[in-house]
């Protein structure tokens with residue numbers, strides 16, 4: 001497999017098959033500390049230095065997600081922890097898009 005962060009997300013309209021557990025595990029090895037949630041989602045919490053840094057990071061994630069056309073669920077908890085939840089809603093599971101976006105999020109600078 002090539003470097004995930006160099007790939008682009010492709011539209012998924014529900015006709016794709018969700019990744020198998022084996023595929024999820026193989027792709028997960030290419031990411032930095034993401035958690036696999038019941039083979040249907042990826043999740044990660046990033047601790048920032050303060051609320052302003054967390055908000056700035058969320059905005060950078062949003063810009064990348066918008067560019068890729070693949071949108072995560074994002075939340076800020078405990079004022080400086082950013083939680084990101086990725087899944088491909090159209091197929092109720094994970095696709096390569098989730099792993100591509102996760103890899104791109106891993107490369108986003110943090111304050």
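The values are calculated or read from the model by the stated rules, or taken from the named source; none is laboratory data. Quick caveat: nothing in here was measured; it's all calculated off a predicted structure. Don't worry about glycine lacking a Cβ; one is built from the backbone with ideal geometry, like all the others, and counts go over all protein chains shown.
Going by the conditions given, is residue 89 without any contact (Cβ under 8 Å) to a residue 24 or more places away in the chain and under 14 Å from residue 5 (Cα atoms)? Spelling it out, it is not the case that residue 89 is without any contact (Cβ under 8 Å) to a residue 24 or more places away in the chain and under 14 Å from residue 5 (Cα atoms). Against the criterion of being touching a residue at least 12 places away in the same chain (Cβ under 8 Å) and in contact with a helix residue (DSSP H, G or I) (Cβ under 7 Å, 6 or more places away or on another chain), residue 68 qualifies. Of the helices (runs of 4 or more DSSP H) entirely within the chain, those holding at least 3 residues that are surrounded by fewer than 16 Cβ atoms within 10 Å (Cβ to Cβ) occupy 21-28, 51-68. On the given criteria, is residue 57 at pLDDT 95 or above and out of contact with any helix residue (DSSP H, G or I) (no Cβ under 8 Å at 6 or more places or on another chain)? For residue 57, the condition - at pLDDT 95 or above and out of contact with any helix residue (DSSP H, G or I) (no Cβ under 8 Å at 6 or more places or on another chain) - is met.
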